[in-house]
1. Tell me, which helices (runs of 4 or more DSSP H) lie completely within the stretch 1-108 with 1 or more residues that are farther than 19 Å from CYS120 by Cα?
2. Please determine whether any residue of the stretch 145-159 is within 16 Å of the ligand (Cβ to nearest atom), open to solvent by less than 70 Å² (accessible area, probe 1.4 Å) and out of contact with any strand residue (DSSP E or B) (no Cβ under 8 Å at 6 or more places or on another chain).
3. What about ARG94, is it open to solvent by less than 80 Å² (accessible area, probe 1.4 Å), of a type in the set (Lys, Arg) and within 17 Å of the chain's Cα centre (by Cα)?
4. Any residue in the stretch 145-161 that is touching a residue at least 40 places away in the same chain (Cβ under 8 Å) and under 20 Å from ILE5 (Cα atoms) sitting within a Cβ distance under 9 Å of a residue that is more than 13 Å from the ligand (Cβ to nearest atom) and among the small types (Gly, Ala, Ser)? List the pairs, counting only those 6 or more apart or interchain.
5. Could you tell me which of the residues GLU173, GLU187 is away from the ligand (no atom under 11 Å from the Cβ), in a helix (DSSP H, G or I), in contact with a Ser or Thr (Cβ under 9 Å, 6 or more places away or on another chain) and under 28 Å from ARG132 (Cβ atoms)?
6. Hey, does the stretch 218-230 have a residue that's of a type outside the set (Lys, Arg), in a helix (DSSP H, G or I) and open to solvent by less than 20 Å² (accessible area, probe 1.4 Å)?
7. Kindly provide the set of residues from the stretch 27-54 that are open to solvent by less than 30 Å² (accessible area, probe 1.4 Å), more than 15 Å from the chain's Cα centre (by Cα) and of a type in the set (A, V, I, L, M), ordered by number.
Amino acid sequence: MKPLIVGNWKCNPESLKEAQKLFLELNKRMPKKAQAVVCPSFIFLKDLAARKSALQLGAQNCFYQSGAFTGEISVKMLKNLGVKYVIIGHSERRALGETDKLINLKLKAVLKEKLIPILCIGESKKDRQNNRTALKLKNQLKKDLKGIKFSKMVIAYEPIWAIGSNNPCRIEEATVTKLLIKKYLREVFSNKKAEEIKILYGGSVNKKNASLYIKDAKMDGLLIGGASLKAKEFIDILKQFC
Ligand code: PGA
């Protein structure tokens, strides 16, 4: 099974022209067999979705309802554009005040529309230093997955301190943490179902360390921020697995 490689463009680039350029370059050089998703800003999704591509599209967020919610984007709107994945609960959104309760509602809404959520979880530096990583991740999963029956979903383990810091998680730490997340998923869903949930690693991934997370830490894929904005680097990462 090819790893799932997801690019999170965050609040970049600043014009449609630049977004199109990046997308076209990725599209042109992408290895045929790669399993890749890019998550651009909402405002670029319509234009990029209209282009024929093997790259799948994801959104970086969503709202869980439609109607009188000024400024929000509903899951149905995303679905109607052809978006397949939705990142939920990224730590940068949690830092802006997104709670586990809201994340749980968003997850349910995404699953109801049969899109695939990429649920982000991760501990702070302080949690890790105080040996609270397992507890923190378990708590997030418990609250975020409350009342959710098994469906196709992806979990992204992103230690907050490793994001955009050039200080990626050590491979041994990532290996142990992946097993821990899997163990918890087995407790929530059945053993067989838990096996179907892909677990990605994210946090300062680049072309030099990408394969270590897949081959050594046995991650099922990667969630990549900074390096996904550089077409050549993202393609170099994809090529390592094809
Ligand atoms: P980074 O971001 O690769 O720039 O560390 C990862 C993410 O936030 O998803």
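The values are calculated or read from the model by the stated rules, or taken from the named source; none is laboratory data. Everything quoted here is computed from the prediction, not taken from an experiment. Neighbour counts run over all protein chains shown; Cβ positions are idealised from the backbone, glycine included. Surface accessibility is based on the protein's heavy atoms, side chains included, excluding ligands, DNA and RNA. Shrake-Rupley method; radii C 1.70, N 1.55, O 1.52, S 1.80 Å.
1. Details: elements: 16-29, 42-49, 75-81, 91-94.
Where helices (runs of 4 or more DSSP H) fall fully within the stretch 1-108 and carry at least 1 residues being farther than 19 Å from CYS120 by Cα, they are 16-29, 42-49, 75-81.
2. Residues of the stretch 145-159 that are within 16 Å of the ligand (Cβ to nearest atom), as a first pass: 154-159.
Now restrict to residues that are open to solvent by less than 70 Å² (accessible area, probe 1.4 Å): 154-159.
From what's left, out of contact with any strand residue (DSSP E or B) (no Cβ under 8 Å at 6 or more places or on another chain): 159.
Yes; the residues of the stretch 145-159 include at least one that is within 16 Å of the ligand (Cβ to nearest atom), open to solvent by less than 70 Å² (accessible area, probe 1.4 Å) and out of contact with any strand residue (DSSP E or B) (no Cβ under 8 Å at 6 or more places or on another chain).
3. Details: open to solvent by less than 80 Å² (accessible area, probe 1.4 Å): yes; of a type in the set (Lys, Arg): yes; within 17 Å of the chain's Cα centre (by Cα): yes.
For ARG94, the condition - open to solvent by less than 80 Å² (accessible area, probe 1.4 Å), of a type in the set (Lys, Arg) and within 17 Å of the chain's Cα centre (by Cα) - is met.
4. Sorted first by the residue in the stretch 145-161, then by its partner, the pairs are TYR157/ALA174; PRO159/SER124; PRO159/ALA174; ILE160/SER124.
5. Numbers: GLU187 fails: in contact with a Ser or Thr (Cβ under 9 Å, 6 or more places away or on another chain).
On inspection, the qualifying residue turns out to be GLU173.
6. Taking the stretch 218-230 and keeping what is of a type outside the set (Lys, Arg), we get 219-229.
Right, trim to in a helix (DSSP H, G or I) and you get 226-229.
Restricting the remaining residues to those that are open to solvent by less than 20 Å² (accessible area, probe 1.4 Å) gives 227-228.
The answer is yes, given that some residue of the stretch 218-230 is of a type outside the set (Lys, Arg), in a helix (DSSP H, G or I) and open to solvent by less than 20 Å² (accessible area, probe 1.4 Å).
7. MET30, ALA34, LEU45, LEU48
Table: residues versus (1) within 27 Å of PRO168 (Cβ to Cβ); (2) of a type in the set (A, V, I, L, M, F, W, C).
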| residue | (1), (2) |
| --- | --- |
| CYS62 | no, yes |
| SER74 | no, no |
| VAL83 | no, yes |
| ASP100 | yes, no |
| LEU107 | yes, yes |
| CYS120 | yes, yes |
| THR133 | yes, no |
